[in-house]
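Working notes, beginning with the structure itself.
What follows draws every value from the coordinates through simple rules; no lab data is involved. Since this is a predicted model, take the numbers as computed values, not measurements. Cβ sites come from the backbone with ideal geometry, for glycine too, and all protein chains shown count toward neighbours.
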Amino acid sequence: MNTLIRTIAAMLTLLAALNVYAAADIEVNTPAVNAIKASMQQRHGQLANYYASGAVGLTMDGMVALRDPGAVPLAARQSVNALVAAENQDREALYAEIANANAHPEWQAEIRNTFAQRWIQRAQRGWWVMSNNGWVQK
Amino acid sequence: MKKIWMALPLIVLSACVTINIYFPAAAAEKAADKIIEEVWQTQHADKPADKPEVKETK
């Protein structure tokens, strides 16, 4: 009986250690994540104008969407579509990659939700973001 | 009977491990903020304008 108690105590200690480790951090410093980040950073130079003009907005699922095609000159419309598609591809990959880097692929949805909230929260004044009531301007 | 005593801690342990692997929401938020800052290169009014350096030792 004594041995049992000691075994359980030891295991609980181990568990506590594991628990702290699991809660400690989210790993985002991997080559894949950094590559995606760099690609998004570069694209942002072009996308920023479209966020500001309201042509492109931030959605509630951590993506971007063409909100107002009318705000884009006809000649640029195709390139905006391509920008949005490429950005969303990168974002999808980013969420998946972070989940994988932390050995929890099943976290992808939660990571996406976290990002969705933070993108919207941190969006600059004048940008359009999707809410439960539709598009709103920050 | 002895077998039960040996197996019990293992069962308890595996149950706890399953429960304890939860999503670290606060850490994820921090990580997201950091990435967003770098992608957007933002200096927010409500945040001190810290330069996005590459200092990811932690």
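About its Cα centre, the dipole of chain A is roughly 400 debye, where the only charges are +1 on Lys and Arg Cβ and -1 on Asp and Glu Cβ. Neighbour counts of other Cβ atoms within 10 Å put A:61, A:90 in the fewest-to-most order A:61, A:90.
Label sites at residue A:34 and residue A:79, each approximated as a point 7 angstrom past Cα along Cα to Cβ, lie 3.1 nm apart. Maximal additional length on extending the residue A:5-residue A:43 stretch stands at 7.8 nm, based on 0.36 nm per residue less the C-alpha distance. Using alpha carbon coordinates only, what is the Rg to Rh ratio of the range A:27-137, with Rh defined as the Kirkwood radius? On the Cα set of the range A:27-137, Rg over Rh gives 0.99. Helix-only arithmetic for chain A: the sum of -39500 (n - 2.57) across DSSP H runs with n ≥ 4, divided by the residue total, places the mean residue ellipticity at 222 nm at -22500 deg cm²/dmol.
Averaged over the residues of peptide A:26-32, the number of Cβ atoms from other protein chains lying within 10 Å of each residue's Cβ is 4.
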